[in-house]
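A quick write-up on the structure given underneath.
Quick note: the coordinates plus some simple rules give every number you see, no bench work behind them. This is a predicted model, so every value here is computed, not measured. Positions of Cβ are generated from backbone atoms using ideal geometry, with glycine treated the same way; all protein chains shown enter the neighbour counts.
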C-alpha cells in the first residue's frame, strides 16, 4: 500500500471542540492518517498540497444511489404522480443488472463532489455493493425491507442481505438493515429487524415522519406519532438512523434524543416533494446527532453534498428569520464528524492521528472560495462541489486532479444512456 | 468582428410560450443570432457544440460586484454587527482604486458561472465600469445615491454617474440611477431621481422592503408601507427595479403590478441576513415581472446564479409545502428573459432571430446534468454552475473551454489578495 507525505496543505481539524484550519504536514501510512514523520528507509510519495484545503470526506447519510438514472425525471408534479406514475413503474421494470450501472453513476457524482462515504437504501441484490466495491468508496449498504414477516415474505431480501454481509464485509463496506418505513413494514417485521440487528451487530436505517400523510395515518391507525410508535415497539436506540424526521410533534424529539438515535435531514428532498422543513434548530439545541443526506436523485436532484449543506443553513435561516440559525461550523460537522457517530465508526469523518485517510482536496483558488476569508463559511455558503480536485478513500486515491481512477466514466454514461432510453 | 456557425448544439429557445430545447444550427453574424446560413464568401468559424446546451446567458439583476472581496467575511453574525462592524468599516476605508480589482473578481465569478449581464449598485466612480468594460460583460451600472438633495449633497455622485454615462455608454454598458433605499434617501431626493431618470432616459433601481426594520420604520414615520410610500411620491413605473421586496403587506403587490415595476428577488441574501422569504408564489400568480439577483458576496456568499436558481425554487417549495410551487421553467425564465423585460432590452435573455449573442455553453455530460432527462429541471435542480464551459457576450467569447479570454485571473487574485490583507 502506497504511503504519502502531504506538505503545504491547509488541514481542517476537529478535536471535539471547534473546527479549525492549520497548515501542517500530513502523513498517510498504511491507509491511516498520522502526524509522525516516516522512519528512515520507509517509502512514500510527496504531495505538494499548496493552496489546497484538505478536509475529511463528506458522509452522505441517506441516499439511493441506483436512482441516479432518474435525475430530473419527475419534477414539479404532485407527490402521488411522482411516486406511483413516475418512480415506481421505472423501479418495477428496471432489470436488476441495470442497478449496477445506475448506482455507479451516483457514486461517480458523489466522488466528484467530495463524498467518501455513503449510506444507501436499495432493493437490488449485489449491484450497489459491486459498484461501491469497484469504485473503492466507503459504503454502508442497506437492503430495503418491506412486508409482514421478515422470515416469510421478507425472507429472500433479508437472507441476501446477510449473505452479502458475509461475503463482502470489509474495511470499506458494511451492511445495515433498512426497513423501508412504518407504513410498508408491519410491527412484527420491525421488531424482527430490531432483533436481527442486535444478533448480527448491524445498524438500522428507516424513513420516518417524512410526510404529513405518514404522520396522520399513524395517528389514525395507532393513536400515536411515528416516533412514539417506533419507540413503543422498542425499535429506537443509538444504532438507529432515522431519515427525514420532518413532521415532529409533541415529545418526538425528546424521545429521539433519549434513545440516542441519529436523524438524517434531507432538506432538498423534503422541499422538492412538498414535505416542508424539518425543525433543525430544535434538533440542534437538544444536542441530537444530526447528519446530512441527499436522498436519491429522483427527489433532489443531485447527490452533491455541498449543495445540500448550503441549502440546509440558508433554508433554516430563512424559515426562522434568524441569521444566527444553523451556522457553518454546525453544518460542516453534521456532514462529516456526525456521520462517524451515527455509523459507530470513530475513524472516519475527522482528520486526527490514527483516523483512516478518507480525505478530499479542494482548490482554495476556486472562484467560489477566493478570497479565503473564512474556510467554514466557504464550505457552507459559497462552495458548489466543483472545488474538489482529489479524493482519497481508505488511503487510496479514487480521484486525482479531477481524473477518476476507479471508474470508467465514459462506459458508465454509455450503459446508463442505454438503460434510460429503454426504461424511462 | 468574427462570425460563427455553431453546429450540433442543443438550443434552449423561448418564444413567449413554453421554453423548449431543439437541436439546431445557430449562426452568429456581426454579434447577433440568426438562423439564416451565411452567404457564399462570408467568413466564419465552425464550432461543434455536440453534447453542449446553448442557452441565453443568465442576467443577475441585483449585485454589488466590488463586495466580492468580502466573500465569507461576515457570516453567522447579527445583522447590525454584519453591517456596522463588518461591512461598512471596510467600505469606508477601501481605496477607490481597489474597487476595480474587487469588482473584476466578482465579474470573473459571474462569467465562470454563466452570467452574461448584471445590474450593479455601487459607490465607486468608474471602477466597476472600467472592470466591466475590460471584461466585456454586459452591465447596467448604477451609482448608489443617498442624501437629502440630489443637486446638493448628492450632486457629486449624480454628476459622475451622468459623466460616466456620457463617456462609456455603449452596446454593452448602460447606466442607471440607484438611490440606495427609502431610509437613506429623502423624499425630495427620490423625486429628483425620478425626474432625472425621465430626463436622461435612465432606469432606476432601489432596495425596497428588505427588512422588518425598514417596514416598521416606514409605517411609523409615514403611516404607510415602503411600497405605498414610493408609489405615493410617483417613483414607481415600468422603468423601476425593486430589489428584495420581502416584507409585502396589504396591497403592496397590487401596487407593484399596476405600476409595471420589476421585482428582483435575492433569496440567499434574504435568508442569510435573517430577512425571511419573499412571497414569490403570489408574485408569480399576479404576473409581476420577477428577476433573480445574487446580491453582493458579503450577503450570499457567491455570485453563482445557478445556486440562486435552485435555492429559489426549493426554498419556496419548502416554505409553501407545495411541490408544484415555482417550477423550473418559471425559474429559468426569471433568470433570463425577465431580465430583458426589466432592462427594456428585448435583444437579450433569449435565443431568437436578431437577438444579440449573449450565450452560454454547458456541458451536457457534466455529472450534475447526466442523464439529460429534462433540461429545465437540470438547470434549476441539479446544475451547480460548473457545467458552464464557454461564454459569449455580444458575439465575442469571454470564456472558451473554461479559459477566460478577457480577464487575467492570476493578476486579479494577486491584487485582491493584497487588498484583503490590508483592509479586512
Exercise. Normalised by the number of residues in region A:66-208, what is the relative contact order in percent for Cα pairs under 8 Å and 6+ residues apart?
Worked result: 19
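Before rounding to the nearest 500, sum -39500 (n - 2.57) across all DSSP H runs of length at least 4 in chain A and divide by the residue total; then give [θ] at 222 nm in deg cm²/dmol.
-9500 deg cm²/dmol
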Problem set entry | Shape metrics for the protein assembly as shown, restricted to C-alpha atoms - Rg then Dmax, Å | 27.0, 86
Seminar exercise, completed: Checked region B:343-417 against the a/c 1.5 cut and the a/b vs b/c comparison, axes a ≥ b ≥ c from its Cα gyration tensor; verdict oblate
Exercise. What do you get when you divide the Cα radius of gyration of region B:58-342 by 2.2 N^0.38 Å, with N the number of residues?
Worked result: 0.93
For this session: Please provide three numbers in whole Å: the alpha-carbon extents of region B:67-161 along the principal axes, with the largest listed first.
Result: 39, 37, 20
Exercise. In what sequence do B:225, B:184, A:129 fall when counting other Cβ within 10 Å, fewest first?
Worked result: B:184, B:225, A:129
For this session: Rounded to the nearest Å, what's the spacing between the alpha carbon centres of region A:19-65 and region B:10-68? Just the number, please.
Result: 44
Exercise. On full extension of the chain, what length is gained from residue B:237 through residue B:46, given 0.36 nm per residue of separation minus the C-alpha to C-alpha distance?
Worked result: 64.3 nm
Exercise. To one decimal in nm, how far is residue B:347 from the same spot in the other copies, if labels go 7 Å from Cα toward Cβ? Please give the shortest first.
Worked result: 6.5
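In percent, how large is the relative contact order of region A:349-424, given Cα pairs closer than 8 Å and 6 or more residues apart?
Relative CO of region A:349-424 lands at 26 percent.
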Seminar exercise, completed: With R₀ set to 35 angstrom, the calculated FRET efficiency between the beta-carbons of residue A:1 and residue A:155, to the nearest 0.05, is 0.35
Exercise. How would you rank B:43, A:308, B:214, B:195, going from fewest to most other Cβ atoms within 10 Å of each one's own Cβ?
Worked result: B:43, B:195, B:214, A:308
Seminar exercise, completed: Taking alpha-carbon centroids only, region A:324-399 lies from region B:367-413 a number of Å equal to 25
For this session: Could you state the angle between the C-alpha long axis of helix A:155-168 and the longest principal axis of the C-alpha atoms of chain A, as a value from 0 to 90 degrees rounded to the nearest 10?
Result: 10
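For a Förster distance of 51 Å, can you work out the FRET efficiency between the beta-carbons of residue A:347 and residue B:257, rounded to the nearest 0.05? Please report the intermediate quantities before stating the final value.
On the way: r = 59 Å, r/R0 = 1.15.
About 0.30, to the nearest 0.05.
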Exercise. How compact and how long is region B:266-344, expressed as Rg and Dmax of its alpha-carbon atoms in Å?
Worked result: 12.0, 35
Problem set entry | Distance in nm between pseudo-label sites at residue B:286 and residue A:39 (7 Å out along the Cβ direction from Cα) | 7.6
Exercise. Between region B:274-313 and region A:242-310, what is the C-alpha centre distance in whole Å?
Worked result: 24
Problem set entry | Convex hull of region B:258-301 built on C-alpha atoms - directionally averaged projected area, nm² | 3.2
Seminar exercise, completed: Computed over region A:58-342, the relative contact order (Cα-Cα under 8 Å, seq sep at least six) in percent reads 20
Exercise. Does region B:1-121 come out rounded, prolate or oblate by the C-alpha gyration tensor, with a ≥ b ≥ c the root eigenvalues, rounded set by a/c under 1.5 and, if not, prolate when a/b is larger than b/c and oblate if not?
Worked result: prolate
Problem set entry | Nitroxide proxy distance, nm - points 7 Å out along Cα→Cβ at residue B:30 and residue A:79 | 5.7
Exercise. When the Debye formula is applied to the Cα atoms of region A:135-240, each taken as the same point scatterer, what base-10 log of I(q)/I(0) results at q = 0.18 Å⁻¹?
Worked result: -0.85
For this session: Report, to the nearest 10°, how far helix A:98-112 tilts away from the longest principal axis of the Cα atoms in chain A, using its own Cα long axis and a range of 0 to 90°.
Result: 40
For this session: One decimal, nm, shortest first: give the distances between the label point of residue B:32 and those of the same position in the other copies, each label point 7 Å from Cα along Cα→Cβ.
Result: 7.1
For this session: Kindly put A:73, A:124 in sequence by how many other C-beta atoms sit within 10 Å of each C-beta, fewest to most.
Result: A:73, A:124
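Given the Cα-Cα distance of residue A:18 and residue A:188 and 0.36 nm per residue of separation, how much length would full extension add, in nm?
56.8 nm
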For this session: Could you pull the copy-to-copy label distances for residue A:46, with points set 7 Å along Cα to Cβ, in nm to one decimal and sorted shortest first?
Result: 5.0
